[in-house]
1. Does region 85-117 hold any residues that are farther than 21 Å from T128 by Cβ and either touching a residue at least 60 places away in the same chain (Cβ under 8 Å) or open to solvent by 80 Å² or more (accessible area, probe 1.4 Å) (or both), and which are they?
2. Restricting region 48-75 to residues that are touching a Cys at 6+ places or on another chain (Cβ under 9 Å) and closer than 12 Å to N103 by Cα, which is surrounded by the fewest Cβ atoms within 10 Å (Cβ to Cβ)?
3. Just checking, does region 146-167 include any residue being closer than 24 Å to R14 by Cβ and open to solvent by 80 Å² or more (accessible area, probe 1.4 Å)?
4. Do you know which residues across region 132-164 are part of a loop (DSSP other than H, G, I, E, B), among the aliphatic types (A, V, I, L, M) and under 26 Å from L177 (Cβ atoms)?
5. Kindly indicate which of G135, G176 is surrounded by 14 or more Cβ atoms within 10 Å (Cβ to Cβ), at positive phi, within 20 Å of the chain's Cα centre (by Cα) and among the small types (G, A, S).
6. Which residue out of R84, R191, R150 is out of contact with any Phe, Trp or Tyr (no Cβ under 8 Å at 6 or more places or on another chain) and at negative phi?
7. Please list, ordered by first then second residue, the pairs with beta carbon atoms under 6 Å, 6 or more apart or interchain, first in region 165-180 and within 16 Å of S139 (Cα to Cα), second of a type outside the set (F, W, Y) and surrounded by fewer than 11 Cβ atoms within 10 Å (Cβ to Cβ).
8. List pairs: first residue in region 5-24 and within 11 Å of R190 (Cα to Cα), second residue loosely packed, with under 10 Cβ neighbours inside 10 Å anywhere in the structure, Cβ distance under 9 angstrom, at least six positions apart or on different chains.
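The values are calculated or read from the model by the stated rules, or taken from the named source; none is laboratory data. Everything numeric here is computed off the predicted structure, so don't read it as measured data. Counting neighbours? That spans all protein chains shown, and the Cβs are built from the backbone with ideal geometry, glycine included. To get the accessible areas, we keep the full protein, side chains included, count just its heavy atoms, and leave off ligands, DNA and RNA. Shrake-Rupley method; radii C 1.70, N 1.55, O 1.52, S 1.80 Å.
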Amino acid sequence: DLTEMLLGDDCTPRNVNKPSNEQFDEALKFIHEHFFYVFPKDLAPTPDYIQSRFLELIIKNKVDGCVIDPFNQLENDYKGAGGRDDKYLETFLASNSRFAMLNNIYSIIIAHPIKPQTTKDGKLVKLTAYSVAGGAMWSNKMDNIMLYQRPNWTTDRTDRTSEVDFQKIKRQKIVGLPGEITFEFNRGQRRFK
């Protein structure tokens with residue numbers, strides 16, 4: 001998938017105009033040199049395990065960014081926070097932020113919304129930072145919050161309209177301003193336009 005994204009093309013045999021084997025191999029080599037996956041031994045790794053693996057990649061491979069995708073697949077110990085997801089998130093997000101600062105990396109956490117809400121006509125209600133499972137603590141602790149939604153998914157699954165909404169940007173002077181943009185995903189080119 002990443003190789004196709006880099007090339008901007010479908011590399012399967014069904015594409016008669018696919019990139020050459022040489023182009024594919026060169027792109028694949030780039031991906032292997034610049035992207036690393038953490039495949040946990042356990043089905044649900046703990047945040048400590050993930051951080052230790054990230055630290056190993058930072059030291060050995062000079063990794064400059066880490067992505068947890070998705071957050072809900074971690075073994076999150078809500079019991080240790082009295083069963084309160086907000087208290088757990090407060091500790092986890094603070095720890096993650098500190099880890100990123102100490103190691104001079106960027107950190108991205110993919111989190112899913114609570115059950116999507118729909119209007120009477122079946123359209124998705126616009127997401128907010130508080131739509132993410134765990135609620136306000138994400139907004140309280142994160143530097144930036146970007147929401148991605150396919151607004152017409154419930155009424156037309158073939159519609160490729162995508163909305164990206166930057167709802168929180170902490171350091172606006174150097175990062176940018178909050179705002180929204182609409183894209184259409186082009187499957188053949190693996191690009192948002």
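1. K87, T91, R98, M101, L102, N104, Y106
2. L57
3. Scanning region 146-167, I find at least one residue that is closer than 24 Å to R14 by Cβ and open to solvent by 80 Å² or more (accessible area, probe 1.4 Å), so the answer is yes.
4. Scanning region 132-164 gives a single hit, M142.
5. Among G135, G176, only G135 is surrounded by 14 or more Cβ atoms within 10 Å (Cβ to Cβ), at positive phi, within 20 Å of the chain's Cα centre (by Cα) and among the small types (G, A, S).
6. R150
7. Listed by first residue and then by second, the contacts come to F166/G179.
8. Pairs found: D9/N17; D10/N17; D10/R187.
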